[in-house]
Amino acid sequence: MSGRITRRHVIAGIGALAGSFAAASSLSPAITRAAPADREIRVLTINIWQAGDNISGGIDLVADLIVATDASIVLLTEAFRGATDRIAEALRRRGRKYASASSADTGVLSVFPMESSTNFTYMTRARLSVHGQPFSVYSAHLEYRWYATYLPRGYAPGSTGDEFAQYGWGKLPGGPVTDPAVVQRVNLASGRPDTITKFLDDARAEMAAGRAVILGGDFNEPSTLDWTSATARLFDHNGVVLPWESTRRLQGAGFVDAYRFCYPNPVTHPGFTWPASNPEAPVGKLTWAPEADERDRIDYIFTSPGAPLILTSAGLVGPRGSIVRNKRADETTQDNFIATPQRWVSDHKAVLATYRMFVSPTTG
């Protein structure tokens, strides 16, 4: 949330608590060997909360997090006021060299060579050479208004030009809106699904040119895999089951959601990324729907169909606690928390996914 992008030729392997497994669809038999350690890719996405300025020493906290997680590709959102370059400089002071690309909001940091970058509305694309393979990496921060996930929770979505506009972000006098058609209409009005469609158009061109694609960031929209019949009576969904359109379009295009692939059960592993209980921020600054359970997973990492990657792990980074009904609450879920730093920069939790490159016997 703000203040203000596998199925054909894809393998994804998961290191889980009880072991690991790999899943494949139309696997090419020529690409079967696991990659050596030097072909590991660690992708971190984090909303740095108003350029890191809401927490003392925010830029340094982000740089320390990147070092601690050993992230090789970092996808930043709310990276206002040159934050991406400032983080890159802080990393240089720590002996780490990262190439950088940024827009006014989103940014990409990479230990891999960066060939070029392009800014689009709501996202930044960087073309990288990852262990000699061409990749296009996108950092996305989608529209925060028309936050339709608030409607079933009895709050207005911060929209304009509709029946909810007069209430801003306030509590709805008529209570929760549980008609899926209404919720979907407001969500479509946000333009987030259209942004994903434009992304997919660009990503298809990149893939046609031989580039694998990674997309991550803050979507300000839940996942179609999370608001299911199993969660209909949980987390103040109030019976609503909804195929949230942005992630539905990605899923339809064969993109793989790292966290949900590793942990497919949204009841035991909801993977909430917002709102995080940052101990250095007052609760009133962290919640926008104080009488509701507004927790959602809105930060993601996706990979394209055909990407030469094996997913080995995915997890959350950040405080274990969330904000629920205007109070701090420790999570009792089975979610995989990779790290919980003592100090935290954001009102979101970060997501970290680790991949290994496919290695062909003829080229590896």
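A few comments on the model shown:
- In region 92-144, residue nearest to W244 (Cα to Cα) [restricted to those that are crowded, with 18+ Cβ neighbours inside 10 Å and among the basic types (K, R)]: R125
- Listed by position, the helices (runs of 4 or more DSSP H) inside region 190-288 whose residues that are of a type outside the set (G, A, S) and in contact with a helix residue (DSSP H, G or I) (Cβ under 9 Å, 6 or more places away or on another chain) number at least 2 are 192-208, 245-252.
- Checking T178, T84 one by one, the residue that is polar (S, T, N, Q) and in a loop (DSSP other than H, G, I, E, B) is T178 and no other.
- Qualifying positions in region 254-311 - buried (at least 24 other Cβ atoms within 10 Å of the Cβ), of a type outside the set (A, V, I, L, M, F, W, C) and over 15 Å from the mean Cα position of the chain (by Cα): N278, E294
- Test set (1) more than 20 Å from Y259 (Cα to Cα); (2) buried (at least 20 other Cβ atoms within 10 Å of the Cβ); (3) polar (S, T, N, Q) - N326 fails condition number: (2)
- When region 46-91 is filtered for residues that are surrounded by fewer than 16 Cβ atoms within 10 Å (Cβ to Cβ) and within 23 Å of F135 (Cα to Cα), the ones remaining, listed by number, are V67, D70, D85.
- Here T149, T197, T160 are screened, and the one residue that is modelled with pLDDT of 95 or more, among the β-branched types (V, I, T) and closer than 17 Å to F235 by Cα is T149.
- Residue within region 297-308 that is under 30 Å from R204 (Cα atoms) and among the aromatic types (F, W, Y) present: yes
- A single member of A314, A292 is in contact with a helix residue (DSSP H, G or I) (Cβ under 8 Å, 6 or more places away or on another chain), of a type in the set (G, A, S) and part of a loop (DSSP other than H, G, I, E, B), and it is A292.
- Hits in region 334-355 - residues which are crowded, with 18+ Cβ neighbours inside 10 Å and of a type outside the set (A, V, I, L, M): D335, N336, W344, S346, D347, H348, K349, T354, Y355
The values are calculated or read from the model by the stated rules, or taken from the named source; none is laboratory data. Bear in mind that the values here come from a model prediction, so they are computed numbers and not experimental data. Please note: Cβ atoms are built from the backbone with ideal geometry, for glycine as well, and neighbour counts cover all protein chains shown.
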